[in-house]
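Right, one structure below, let's go through it.
The values are calculated or read from the model by the stated rules, or taken from the named source; none is laboratory data. On a predicted model such as this, the values are computed, not experimentally measured, just so you know. Cβ coordinates were reconstructed from backbone atoms using ideal geometry, including for glycine residues, and neighbour counts include every protein chain displayed.
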Amino acid sequence: MPYWLTTGLISAFILAGVYGWLRPALAGTGWMHGAKFGLVLFLVSATFALGYSGVFNLPGQLWITWTLEGLLYFVVAGAALGWVAEKVATLHATQVPVDLRGADLR
């Protein structure tokens, strides 16, 4: 498996775990939870971009473009993550618990 794919999957699972941990603190529906989480991630990444902009001599317009792209990516991806997490949580909550023999535990 290519290195970029491996590190991308590991990063995605870490962020999904962080989202699961922070989700109860975010109010709203599933997609709104995710959008708020994406906004938090954007703010963190924007602070890094501010630091990098002082180190690398690139045009200011490029930094602005990258920052706005990051805002779009993080908020949209966060909303998608929240929507999926809500569907999975709802599906998990509606399943009937059974023991190893298949007996209903309700």
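Some values worked out for this structure:
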item: Residue check, G38 of a type in the set (G, A, S) and at positive phi; result: no
item: Selected residue (only one of A12, A25, A35, A93 is within 10 Å of the chain's Cα centre (by Cα) and modelled with pLDDT under 85); result: A12
item: Long-range neighbours under 6 Å by Cβ, at least six apart or interchain, first residue at pLDDT 85 or above within the stretch 52-63, second assigned to a helix (DSSP H, G or I); result: W63/S53
item: Some residue of the stretch 1-10 being touching a residue at least 12 places away in the same chain (Cβ under 8 Å) and small (G, A, S); result: no
item: Residue list for the stretch 16-35, filter: among the aliphatic types (A, V, I, L, M), part of a helix (DSSP H, G or I) and surrounded by 10 or more Cβ atoms within 10 Å (Cβ to Cβ); result: A16, V18, L22, M32, A35
item: So F13, is it surrounded by 17 or more Cβ atoms within 10 Å (Cβ to Cβ) and in a helix (DSSP H, G or I); result: no
